[in-house]
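Colleague: Pasting a structure below so you can have a look.
The values are calculated or read from the model by the stated rules, or taken from the named source; none is laboratory data. In this text the structure is predicted, and so the values were computed from the model without any measurement. Note that we place each Cβ from the backbone using ideal geometry, even for glycine, and neighbour counts take in every protein chain shown.
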Amino acid sequence: MTAWREFEAAEPEFARRVRALFDAHKHKTIATLRAGGSPRISGIETVFEDGELAFGSMPNARKGADLRRDPRFALHSATVDPVEGAEAQWPGEAKIAGRARTEDGERFLADVAEVVHTHLNEAATLLVVEWWTPEGGLRKVERE
């Protein structure tokens, strides 16, 4: 796993697109793991600062307790529908998965394990999935 700054240095153009999707809207969604292992989905706000992806949890919130117990998370940018007739302009959606490390118990920094950008090709005829991992680098598939 790696800090956001290291991912950004490895794939600057891809990182720019993913960050733009996260910065486009205030609210995102995070998945954490409950004590019993089942997933929990929560709303969250994120910020990119000093080369890190950071997010917080209110005191005594369940998502913070989840992350302190099991740091694995999946973060999803806001989702917007493509505009009918202008599907090729749809920016897509982004996902980041990894492990959270805490600074003070309520503020977390992301150790990035995977970054994904899902969007349409220029003709809006194929779904394009691009993903990056520290081990595999940047990869891409197109699907009908």
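Colleague: Tally up the residues in region 127-144 that are among the charged types (D, E, K, R) and either surrounded by 14 or more Cβ atoms within 10 Å (Cβ to Cβ) or in contact with a His (Cβ under 6 Å, 6 or more places away or on another chain) (or both), please.
Modeller: Total meeting the criteria: 1.
Colleague: Return the residue satisfying two criteria in turn: it lies in region 5-15 and is out of contact with any helix residue (DSSP H, G or I) (no Cβ under 8 Å at 6 or more places or on another chain) and part of a helix (DSSP H, G or I), and of such residues it is farthest from ALA110 (Cα to Cα).
Modeller: This residue is GLU13.
Colleague: Cβ contacts < 8 Å: first residue modelled with pLDDT under 95 and hydroxyl-bearing (Ser, Thr, Tyr), restricted to region 63-80; second residue surrounded by fewer than 22 Cβ atoms within 10 Å (Cβ to Cβ) and in a strand (DSSP E or B), any location; separation 6+ or different chain. Result?
Modeller: So the pair list comes out as THR79/GLU93.
Colleague: Now for a different question. Does THR133 count as without any contact (Cβ under 8 Å) to a residue 40 or more places away in the chain, closer than 17 Å to THR2 by Cβ and of a type in the set (Val, Ile, Thr)?
Modeller: yes
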